[in-house]
Amino acid sequence: MMQRFSTALTMSLALATGAAQAQIADRDAALAPAGDTLREGQTLIGTPLSEPGFSPELRRELELDLAIAQATLELAPHREDSWIWLGRRLGYLGRFEEAVEVFTEGLERFPDSYKLRRFRGRHLARSRQFEAAIADYTRGLELMDGVQDSFEPDGIANAYNLTLGTFRSNLHYYRAQTSFAIGDFEMLVAGMQAALDQPLMMDPTGDMGVAIAYWLYIGHSLLGDEARASAALEPVHADLPIIENRNYLRGALFFKGEISREEMETFPGAIEQFAIAMSDRLAGEDEAAETRMEAIVRAGASGFWPAEAEILRIRAER
């Protein structure tokens, strides 16, 4: 692996000194359509996956970060963080399978690393290996037993350069979210609640809270518990000082009835469109839900696996 990612250290350091790290304001750029450039693999519904449609400027920044991570691993393979950051930098470029390989090799050196489990799990889920991802999250939580939680560093800084999640809360959150893909809605709601209940989850901006509320509403609704679904949305308000998750805020407000369907239709993002589709699904309008979900999947270079999984459930019920 190290030979595969070999990059001249002097070249990487020269690049690093010649270019400043740019802030990336819009994380949804990673899901933009990418024209005719396809990469291997398909979504769960058979549509092709493609190269993320980055702007030239953003691609240069991401590839510079990757070169630095490659050089760092060459210099310090004995450090856990070297493997973490190389894998993460590959993931930002949409190279999820390669990222999984890096995290796997890192785990051979650091088998008790809950951090490597957390990140490999995320990239396994993005590669549609849901059971393996859940196993990694579960093992990561086991490895964190008795370990002091800490905030997880962001690889792409938000506008305020604030870290919003902790390792334990993210392990709970992503295990819960991935459980949606396999139809384990009990784990979806239990895990989201566990993420919300973590001691370090102060969430002053509301970013984590609105994402959790969004998925709690979906999970409780799918389990037929309308009271708990409504209760999950009670802390959500339009004036929350959200930094990153305005898409989840809009989705939660839509579920809450504070954003109309007509207004929601104007937001093309996957999270907002999935909220509309799930509203149709919960109302028994499966054909409309499936049509919208397929459009979401086709619009994203990396697809959108929650919609893919729900489409398969709709089709299986026919």
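What the table below lists for this structure:
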read-out: Simple Cβ-charge dipole of the chain, Lys/Arg +1 and Asp/Glu -1, about Cα centre, in debye nearest 20; value: 640
read-out: Segment Glu97-Asp149, extension gain: residue separation times 0.36 nm, minus the distance between their alpha carbons; value: 15.9 nm
read-out: Descending semi-axes in Å of the stretch 171-318, equivalent ellipsoid built from Cα gyration tensor; value: 23, 18, 15
read-out: Distance from the stretch 178-245 to the stretch 51-76 (C-alpha centre basis), Å; value: 33
read-out: Label assignment, P(r) over Cα pairs in 20 Å bins from 0, in percent derived from the structure, set (1) 29, 49, 20, 2; (2) 28, 46, 21, 5; (3) 31, 60, 9, 0; value: (3)
read-out: Alpha-carbon centroids, the stretch 248-282 and the stretch 299-318: separation in whole Å; value: 17
read-out: Projected label distance in nm at Arg59 and Ala283, using a 7 Å step from Cα toward the beta-carbon; value: 4.1
read-out: Between helix 270-282 and the chain: long-axis angle, C-alpha atoms, 0 to 90°, nearest 10; value: 30
read-out: Relative packing of 114-123, 132-141, 290-299, which averages over residues the other C-beta atoms within 10 Å, highest first; value: 114-123, 132-141, 290-299
read-out: Degrees separating the helix 246-256 axis from the principal Cα axis of the chain, which is the longest one; value: 20
read-out: Helix 114-126 axis, angle to the chain major axis (alpha carbon atoms, nearest 10°); value: 60
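Throughout, read-outs are computed from the coordinates displayed, never taken from laboratory work. Remember, it's a predicted structure, so these values are computed and weren't measured experimentally. Virtual Cβ from ideal backbone geometry, glycine too; neighbours counted across all protein chains shown.
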